[in-house]
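There's a structure below that I have some questions on.
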Amino acid sequence: MSDQPPASPHLYPDHPRVGVGVLVWKGDQLLLIRRAKAPLAGEWCLPGGSQELGETLFQTAAREVREETAVTCRPTAVLTAVDGITRDPRPPGAGPEVAAPVRFHFTIVEIMADYLSGDPAAGDDAAEALWADRATCGRLVTWPSIKAVVDLGWAARQSRERGG
């Protein structure tokens, strides 16, 4: 028996995988998690994960939020899609012609959702889960691509509230 954890099917993929990130809104607060696992372990981000065969994007969004936070939500719209590509460092001394191996590659569809029930509790891939107002999101979310999605979500939310 090995002490090594099982290899992730997402590690060093041979093709991109579909994932979802979910912006769950409860009034003027957004649901955030602190990731427990790679990629981005320790970073604050949106709950989400990989789409399973036969599952719609909205089904994936609802399932992943429930598994990671114990919150039930109703997905309402697709906000945007982003590339999540993480590469290994290039070997020391390697020239620019040497491509670093792709460690993770996700096409992430960002979904807007409304809160239905439940209190945030870390589960599955989350180390922590909480509701955050805009200022708290700005302080906790530091990864540039996630920060851009969160900012886009706040802007879309404000536009919707103004009737635009």
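The values are calculated or read from the model by the stated rules, or taken from the named source; none is laboratory data. Quantities reported herein were computed from a predicted structural model and do not represent experimental measurements. Cβ sites come from the backbone with ideal geometry, for glycine too, and all protein chains shown count toward neighbours. The area values use the complete protein model at the heavy-atom level, side chains included, leaving out ligands, DNA and RNA. Shrake-Rupley method; radii C 1.70, N 1.55, O 1.52, S 1.80 Å.
Are any of the residues in region 96-106 within 23 Å of Arg139 (Cα to Cα), touching a strand residue (DSSP E or B) at 6+ places or on another chain (Cβ under 8 Å) and of a type in the set (A, V, I, L, M, F, W, C)?
Checking region 96-106: not a single residue is within 23 Å of Arg139 (Cα to Cα), touching a strand residue (DSSP E or B) at 6+ places or on another chain (Cβ under 8 Å) and of a type in the set (A, V, I, L, M, F, W, C).
Would you check which residues across region 70-124 are free of Cβ contacts under 8 Å to residues at least 24 places away in the same chain and of a type in the set (D, E, K, R) and list them?
Hits for region 70-124 are Arg87, Asp88, Arg90, Glu97.
When you check Gly21 against the structure, is it open to solvent by less than 50 Å² (accessible area, probe 1.4 Å) and closer than 23 Å to Ser159 by Cα, yes or no?
Yes, satisfied.
In region 93-123, what residues are touching a Pro at 6+ places or on another chain (Cβ under 9 Å) and farther than 22 Å from Asp28 by Cβ?
Listed by number, the residues that qualify are Val98, Ala100, Val102, Arg103, Phe104, His105, Phe106, Thr107.
Another one. Of the residues Leu11, Leu32, which is more than 24 Å from Arg139 (Cα to Cα) and either touching a strand residue (DSSP E or B) at 6+ places or on another chain (Cβ under 9 Å) or at pLDDT below 95 (or both)?
Leu11
So in region 28-47, with the set limited to residues that are open to solvent by less than 50 Å² (accessible area, probe 1.4 Å) and closer than 13 Å to Asp114 by Cβ, which one is farthest from the chain's Cα centre (by Cα)?
In this case the residue turns out to be Leu30.
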